[in-house]
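> Take a look at the following structure, please.
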Ligand code: PMV
């Protein structure tokens, strides 16, 4: 969107020499999946996600004016330890937004970041990490240039920048549920930034989400490579059509509190995501034997007990267990007695739908 491109935001015009900002941003779980993109990080279909809470990133960004005038000066620390190997990825992102934030060129930036979950737990940290960084950058802009944003404008700009770093990240800052991608099924939706999904039934605002760690290995194929493989996947067009149909069916279920419809669509979307990976050329499989055991057991428990518990998956082997808050105790006992034995070292992360990003002191 052209109004985000602002060549006058240069280091020379900035009001401050140094400062520090800090934000927390959560991960999110897509019910309708984004898989396939084009242009400058634009989605092939609209997606909707639940904002999580316990799985989050805390980021502190320090900035200090320098006189180098060229190239971005950047240092990354994770849990206080410099991670030089991780720096090029963030530098690439910061360079890629030089049309929006030309001032970054005149500052030395230091990002101190930490995830609430072990960084090699097989949980993608790009959504929480990228959105936490974007939150810091937009606050930095406000401090340097006195830009005044309403809360909604602030989050929209954060979402716009997050999207340029990682598509799924542009849904993380909003409370409860967020959507990204233009669709007739949601007013105000856009390909350029995520928007909050307001007015959903209470049952989804308090939904529990348990992340079962079936495997901790790094993904064998990155999301970037996975999205690119959609360009030559013969099922892609049908997939994008189905995603939109699913979006249209999901929205009324979210407003009405129809957990069954939400759950059925969510499971179908998760399996479709992995089916697309398996039918790409070259094909790849991120699911592990334990993933399948876990999915089967969740379905069997639902059939036996009538408890409305459903699963989802990200681009990895770790199932997310979704259940209304009212069934949390029953499902936790089931997880402990039946599911943890199939998890890596019995690992599970207890999470729930949350309120989005928060400013840190
Ligand atoms: O945000 P990326 O480019 O890492 O893509 C990840 C997309 C999925 O997590 C697999 C699905 C989604 O919509 O979050």
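Conditions (1) without any contact (Cβ under 8 Å) to a residue 12 or more places away in the chain; (2) over 17 Å from the mean Cα position of the chain (by Cα), marked per residue:
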{"site": "187", "(1), (2)": "yes, yes"}
{"site": "192", "(1), (2)": "no, no"}
{"site": "197", "(1), (2)": "no, no"}
{"site": "201", "(1), (2)": "no, yes"}
{"site": "204", "(1), (2)": "no, yes"}
{"site": "209", "(1), (2)": "no, no"}
{"site": "217", "(1), (2)": "no, yes"}
{"site": "231", "(1), (2)": "no, yes"}
{"site": "241", "(1), (2)": "yes, yes"}
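> Being within 16 Å of the ligand (Cβ to nearest atom) and closer than 21 Å to residue 227 by Cα is the filter here, so list the residues in region 281-338 that pass it.
If the condition is that a residue be within 16 Å of the ligand (Cβ to nearest atom) and closer than 21 Å to residue 227 by Cα, then 284, 285, 286, 287, 312, 313, 314, 315, 316, 317, 318, 319 are the ones that fit.
Here is a yes/no grid of residues against (1) farther than 19 Å from residue 176 by Cβ; (2) within 13 Å of the ligand (Cβ to nearest atom):
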position: 7; (1), (2): yes, no
position: 10; (1), (2): yes, no
position: 18; (1), (2): yes, no
position: 23; (1), (2): no, no
position: 32; (1), (2): no, yes
position: 39; (1), (2): yes, no
position: 46; (1), (2): no, yes
position: 63; (1), (2): yes, no
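> Only one of these is crowded, with 19+ Cβ neighbours inside 10 Å, out of contact with any strand residue (DSSP E or B) (no Cβ under 7 Å at 6 or more places or on another chain) and within 23 Å of residue 130 (Cβ to Cβ): 189, 223. Name it. Steps first, please.
Working: 189 fails: out of contact with any strand residue (DSSP E or B) (no Cβ under 7 Å at 6 or more places or on another chain).
After ruling out the rest, the residue left standing is 223.
> Test of understanding: among 278, 262, which residue is within 19 Å of residue 31 (Cα to Cα), outside the structural domain of residue 30 (by TED's automatic domain parsing) and at pLDDT 95 or above? Explain how you work it out, then say what you get.
Working: 278 fails: within 19 Å of residue 31 (Cα to Cα).
None of the others qualify; the one that does is 262.
> For region 270-329, give me the residue count where each residue is farther than 18 Å from residue 260 by Cα and in a loop (DSSP other than H, G, I, E, B).
Adding up the residues that qualify gives 15.
> Moving on to the next point. Confirm whether residue 54 is within 14 Å of the ligand (Cβ to nearest atom) and either without any contact (Cβ under 8 Å) to a residue 12 or more places away in the chain or under 30 Å from residue 275 (Cβ atoms) (or both). Please lay out each step first, then the result.
Values: within 14 Å of the ligand (Cβ to nearest atom): no; either without any contact (Cβ under 8 Å) to a residue 12 or more places away in the chain or under 30 Å from residue 275 (Cβ atoms) (or both): yes.
Here the answer is no, as residue 54 does not meet what is asked.
The values are calculated or read from the model by the stated rules, or taken from the named source; none is laboratory data. On a predicted model such as this, the values are computed, not experimentally measured, just so you know. Cβ atoms come from the backbone with ideal geometry, glycine included; neighbour counts cover every protein chain shown.
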